[in-house]
1. Among the residues of region 214-253 satisfying the criterion of being closer than 22 Å to Val314 by Cβ and among the hydroxyl-bearing types (Ser, Thr, Tyr), which is modelled with the highest pLDDT?
2. Test Gly347 against the criterion of being over 21 Å from Pro276 (Cα atoms) and either crowded, with 21+ Cβ neighbours inside 10 Å or at pLDDT 85 or above (or both), and give yes or no.
3. Picking from Val74, Val104, which residue would you name as being surrounded by fewer than 19 Cβ atoms within 10 Å (Cβ to Cβ) and either assigned to a helix (DSSP H, G or I) or not β-branched (Val, Ile, Thr) (or both)?
4. Out of all the residues in region 243-253, which are assigned to a helix (DSSP H, G or I) and under 17 Å from Leu296 (Cβ atoms)?
5. Note down all Cβ pairs under 8 Å where the first residue falls in region 23-36 and is assigned by TED's automatic domain parsing to the domain that holds Gly111, the second is not in a helix (DSSP H, G or I), and they're at least six residues apart or on different chains.
6. Going by what's in this entry, would Leu272 be described as touching a residue at least 24 places away in the same chain (Cβ under 8 Å), in contact with a Ser or Thr (Cβ under 7 Å, 6 or more places away or on another chain) and in a helix (DSSP H, G or I)?
7. Among the residues of region 37-63, how many are over 19 Å from the mean Cα position of the chain (by Cα) and within 23 Å of Val342 (Cα to Cα)?
8. Scan the helices (runs of 4 or more DSSP H) fully inside region 126-227 and keep the ones with 2 or more residues being under 26 Å from His6 (Cβ atoms) and either touching a residue at least 24 places away in the same chain (Cβ under 8 Å) or outside the structural domain of Asp281 (by TED's automatic domain parsing) (or both).
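The values are calculated or read from the model by the stated rules, or taken from the named source; none is laboratory data. No experiment lies behind these values; they were computed from the predicted model shown. Virtual Cβ from ideal backbone geometry, glycine too; neighbours counted across all protein chains shown.
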Amino acid sequence: MGALRHRNYRLFFIGQIISTVGTWMQSVAMPWLALQLTHSGLLVGLVLAAQFTPVLLGGQFGGVIADRYRKRSVLLATQSLFMVPSFTLFVVSASGHAHYWMVVIAALAVGTINLFDVPARQAFIVEMVGKQDLMNAIALNSSVFNGAAVVGPSVAGVLIAVVGVPLCFLANSLSYLGAVAALLLMRDLPALARDHADQPWLARLLQGISYARREPVVGMLLLLVAVFSLFAMNRLTLIPLFADQVLYVGAQGFGFLVGAMGLGAMTGALMLAFFPQLGADPRRQLWMAAIWVAALLEFSISRVFLISLVTLFVAGYAQISFLAATNNRIQTIAPDHLRGRVMGLYGQALIGVGPLGATQAGLLATLFGAPWAMAIGAAVAGSVVLAVWLLRPAVFGHPSQTSSTAATASAGTSQRSART
C-alpha cells in the first residue's frame with residue numbers, strides 16, 4: 001500500500017513505531033519527575049519550554065546540516081544521541097540522585113538534538129518513497145505519532161503508578177535502538193542533490209528563508225502553520241482548565257477529552273493514508289482549516305461534555321488533515337537541495353512556536369478564562385486563514401496550480417544546477 005511498498009520506508013515505519021511510543025512515555029515521565037522534585041507548575045512549564053525552545057531558535061541550522069550531509073547519517077547520529085539524556089535520567093532517578101536542574105539539562109539536550117533531527121527526518125521521507133507516495137508516507141507517520149500518543153502515555157501511567165518514573169526513561173532510551181537498527185538496514189537510497197556550495201554558514205541559513213519568501217505558496221503555508229501552532233494548538237494548556245473549571249469532569253474527563261482529539265487526529269491520518277489524493281487538494285485543505293477553527297469555537301462555548309468530546313474529535317481530524325496536507329505540499333514544491341532548510345522552517349513553525357503559544361494561552365486564560373482564551377485563539381487563526389484566502393488565493397487554489405508551481409520550482413532548480 002503506497003509508501004509501504006518501499007522496503008526502506010517499511011523499515012523506517014517499524015523503527016518509528018518503537019521509538020515514538022518510547023518518546024511519548026518520556027513526555028509523561030519528564031514533567032512528572034519535575035513535579036515530584038519541585039511541586040511547582042511554573043517549573044514544570046519551564047522544563048517543557050526548555051525542550052522546545054532550541055527548535056524555535058536553531059531550526060534553520062538543523063536544516064543546513066540536513067541539506068549538507070546524507071540525511072540517513074544525520075538521523076543515525078540524532079537517534080543515537082537521543083539515548084543519552086534518557087539513560088542519564090534513568091540512572092539518576094533510579095538511584096535517587098535526581099535534581100531539578102538535571103531534568104532541565106536533559107530537556108535542553110533533547111531539544112537541541114531535535115533541532116537537527118526534525119528537518120532531517122521530514123526531508124528524508126521523500127528519499128525513501130519519492131513524491132508519488134509522499135502524502136501516504138506523511139499520513140502513515142501521523143498515524144504512528146497519534147497512535148503512540150494513546151499507547152505511550154497509557155503505558156507510562158501504569159509504570160509510574162506501579163514502579164515509578166525510572167523505567168519510562170529506560171524504555172525510551174532502549175526504544176531508539178529500533179530506529180537505529182532500521183536506518184542501518186536500509187539500502188539503495190537515491191543520491192539526491194545536496195548542498196555542497198562553498199558558502200558561509202549565515203548565507204546558507206538565509207537561503208531557506210529567502211526561498212520561503214520568494215515562493216508564495218510555501219511562505220503562506222508556513223505562516224499558517226505558525227499561526228495555528230501559536231493560537232489553536234494549546235490543548236495541554238487549556239483543556240485541563242475546561243475539564244476542571246468549565247465542564248467539571250475532573251482528571252478522568254480530561255483524559256477523555258484529550259483522547260477524543262487524539263482519536264480524531266488518528267482517524268484523519270488513516271483517511272489520508274488510504275486516500276492520499278485527498279491531501280493533494282488545496283481546496284479541501286481550506287475546508288479543513290475552516291472546520292478546525294469552527295470546532296474550536298464550538299468547543300469554547302460548549303458546556304455539555306458529550307458535545308465537547310465530539311467537537312474535539314472533529315478538531316483533531318481537521319487539524320491532522322490540514323497539517324499533513326501542508327507538509328506534503330511544501331515538500332513537493334521545495335527543491336531537493338533546499339528541502340532540509342525548508343523543513344527546518346516547518347519544524348520551527350509547528351514545534352518551536354509551541355512554548356509561545358502555551359504562554360499566550362495561559363495568560364489569556366488567567367485574564368479572561370479558558371473559554372475566551374480558546375475562542376480568541378481560534379478567531380485569530382480563522383482571521384489569518386480568511387486573509388490568506390482573500391489576498392493569496394493561489395494558496396488554496398485548484399490542485400493543478402500547486403502542481404504547476406512545483407513544476408516551475410523543479411525547473412528552476414534544474415537550471416540552477418546546470419549553471420553550477
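1. Ranking the candidates gives Ser229 first.
2. In short, yes.
3. Val104
4. Here is the first cut: in region 243-253, the ones assigned to a helix (DSSP H, G or I) are 243-246, 250-253.
Within region 243-253, Ala243, Val246 meet the criteria.
5. So the pair list comes out as Ala29/Val165; Trp32/Val165; Leu33/Ala98; Leu33/Val165; Gln36/Val165.
6. On the way: touching a residue at least 24 places away in the same chain (Cβ under 8 Å): yes; in contact with a Ser or Thr (Cβ under 7 Å, 6 or more places away or on another chain): yes; in a helix (DSSP H, G or I): yes.
Spelling it out, Leu272 is indeed touching a residue at least 24 places away in the same chain (Cβ under 8 Å), in contact with a Ser or Thr (Cβ under 7 Å, 6 or more places away or on another chain) and in a helix (DSSP H, G or I).
7. Counting residues in region 37-63 that are over 19 Å from the mean Cα position of the chain (by Cα) and within 23 Å of Val342 (Cα to Cα) gives 0.
8. Filter on region 126-227 gives 134-162, 166-185.
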